[in-house]
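A short worksheet on the structure shown next.
Bear in mind that the values in this text are calculations on the coordinates, not laboratory data. Just so we're clear, the structure is a prediction, and the values are computed from it rather than from any experiment. A quick note on method: Cβ atoms are made from the backbone with ideal geometry, for glycine too, and the neighbour counts reach across all protein chains shown.
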Amino acid sequence: MEYGILSLAIPLLTIILAIITKDVIISLFGGIFVGELVLTGYHPGSAFFATFDGIIALFSEGWITKTLIFVLLVGSIIKILEESGAVERFVNYLSKKATRIDSPRGAMFLAYFIGVIIFIESSITSMVAGTVAKPLCDKNGVSREKLAYICDSTSAPVCSLIPLNGWGALLLGLILAAIEGNVIEGDAVSLLVASIPFNFYAIFTLIIVLVVIFFDADIGPMRSAKAIAYLQESERHPGQSSLWQMLLPLVVMVLSAPAILYITGKGDIFKGSGSTSVYYAVIITLIFMYLYYIPARIMKHKAYFHSLYRGIGDMIPVMIIMLLALFIGKVIQDLGTAGYLAHILQGNIPVVILPLLIFLVSAITAFSTGTSWGTFSIMMPIALSLGAMMHLDLPLVIAAVISGGIFGDHASPISDTTIISSMAAGCDHIEHVRTQIPYAIIGGVLAAVAFLIAGWLTL
C-alpha cells in the first residue's frame, strides 16, 4: 500500500521491456534495479548493492537452490539423450513402427498425450513432452514455438485438474490454513475436488490445444513461426532403432518424482516437497543413465561426462532467467503489489461479478509476478476471506484463483513455467511468449465469461 501505483508500474515496466527488447535477462535486471531503487528510497548506490546482494540471498532458500540445480541437470539429461544417439534411435523406431505418429499431427498429439498423462509436476511434464516430441516435430515441419505452446498449455492445466502432485499439496495447504484460521468451514480435500469442474481456464486451454492440433490452427505470430530442419545423424550414432534408450531414463525421472514426494511427505504425497522431488528425480535419472549407458556401450565414460557438463553449460542462461524471475517476484512482494490490487477491489462490487474479478485480479497478479504458485499463495487467503464474507460458492472462488493464476502465468514473459517450456522445446523464450499469448487470451476470455455465468448461477 505504501508504494501505490508504483507497485504495479514496476512489474509492468519489466514486462514491456521484455517484449520490446526481446532480452528477458536485461529486462528482469532493469525491473529488479528500479524496484530496489524505490525500496531503498531512490538511492542508486544502495539499489545497486541491494540488487546483487539479493541475488546471493536467494540461494539461502533451499527450494530455490534445488530448483536451479534441477534446471541445470535437466540440461544434462537432454544433452546426454541427444549425444548418445538415444533421441535419434527413438525417432527411427517411431518412423518404422508407428507411421501414424510420424506426421505433423501425430508429433503434436504425442506432445499433448505426454502432457496429459504426466501430471506429477509441471516442470517435468514440459521437459518430457518437449524432449520426446521435439525430434518428431522437427522431422515433420512443426515449429518449436508450437511445440512450446503445447508443452506449456498442457503442463500446468493438467497438474491443476489432477492435483495428485505438488500443486495439490500447495493448494490444500492454503485451503487448510483458511479452515484452521476459522476463515472458512469445510474439508480441504472436498473443497479442492469440488473446485475442479470450475477450473475453466485449464479446461478451455486443453480443449483449445486439441483444436489447434487437429485443425493446425495458427493465429497471430504463430503463423510466421518456422520449423527447424531435422538433421539425421545416423552415421554419427550407428545402431539399430531403439525405444528404450530414450524412454527408460524418462520413465525413471517421472516415477522418481512422486516417490520422493511420498518420502519427503513421510507417507503423505500431499505433504511432500515439490522442489526436493524434482531435484532428486534428475539426480536419480543421471545415475540410472550412467549405469545403463556405460555397460551397454551406448556411451563411453568420458563422453557421458562431457555431455553432462555441456548440458549444464547450455542451461546457464535459462537458470539466470529463472533466478531473476524469482528475484523480481520477491521485489514485487516487497512493493506490496497484491495489497494494492486488493485495495483497488474494495468498494461496492456486485456479488455476481466477484468470481470474475477474483479471476482477473489473480491473472493480473500472475502476469505481473510471473508465478502461478506465488499468485495462489497471495490471492487464495484474500479470495477465501472475501468469499466467506460475501457468502460465495467456495469451490468457485478456489477455481477462480487457480484459473487466474495459470492464465496470467501463461501470458507472462517472466514466468518460470514459460521459461521451462521454451527450454524443453528448444525455442527462443520471447518468441514462445509472443506466439502463445493469442491462444492464452482466447482461453482467458472464455474463462472470464464462464466465471461471470457461474457467479450468477451460484447466487
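Across the chain, the relative contact order, built from alpha-carbon pairs under 8 Å that are at least six residues apart, equals 26 percent.
How much length is gained if the chain between Lys302 and Ser190 is pulled fully straight, taking 0.36 nm per residue apart and subtracting their Cα-Cα distance, in nm to one decimal? List each step's numbers first, then the result.
Numbers: separation 112, 0.36 × 112 = 40.32 nm, distance 5.26 nm.
Contour length minus the Cα-Cα distance gives 35.1 nm.
Taking every DSSP helix (H) stretch of at least 4 residues in the chain, weighting each as -39,500 (n - 2.57) and dividing the sum by the residue count yields a mean residue ellipticity at 222 nm of -25500 deg cm²/dmol. With the simple spin-label model, which puts each label point 7 Å out from Cα in the Cβ direction, the Asp314 to Leu210 separation comes to 3.3 nm. Applying 1/(1 + (r/R0)^6) with R0 = 35 Å to the Cβ-Cβ distance of Arg223 and Val183 gives a FRET efficiency near 0.15. Helix 166-180 axis versus longest C-alpha principal axis of the chain: approximately 20°, rounded to the nearest ten.
Remark: spin-label model distance Leu243-Ser103 equals 2.0 nm, labels positioned 7 Å along the Cα→Cβ axis. Quick one: Cα centre-to-centre distance for the range 349-382 and the range 116-163, in angstrom? If we compute the Cα centre of each part, the gap is 25 Å. Annotation note: trypsin sites (Lys or Arg not before Pro) in the range 242-343 located in DSSP loop regions with a Cβ neighbour count of at most 13 within 10 Å are Lys266, Arg297, Lys300. Restriction of the chymotrypsin sites (Phe, Trp or Tyr not before Pro) in the range 20-85 to DSSP coil positions whose beta-carbon has at most 16 other beta-carbons within 10 angstrom yields Tyr42, Phe59.
What order do you get for 106-115, 153-162 when each peptide is scored by the mean count of other beta carbon atoms within 10 Å, highest first? Let's see the in-between values first.
On the way: 106-115: 23.0, 153-162: 25.2.
The packing order, highest mean first, is 153-162, 106-115.
Angle check, please: helix 429-457 long axis (alpha carbons) against the longest principal axis of the chain (alpha carbons), in degrees 0 to 90, nearest 10. It works out to around 40 degrees. Full extension of the chain between Thr458 and Phe288 gives 56.1 nm of extra length, using 0.36 nm per residue less the Cα-Cα distance. Return one number: the angle in degrees, 0 to 90 and rounded to the nearest 10, between the long axis of the Cα atoms of helix 244-264 and the longest principal axis of the Cα atoms of the chain. Rounded to the nearest ten degrees, it is 40.
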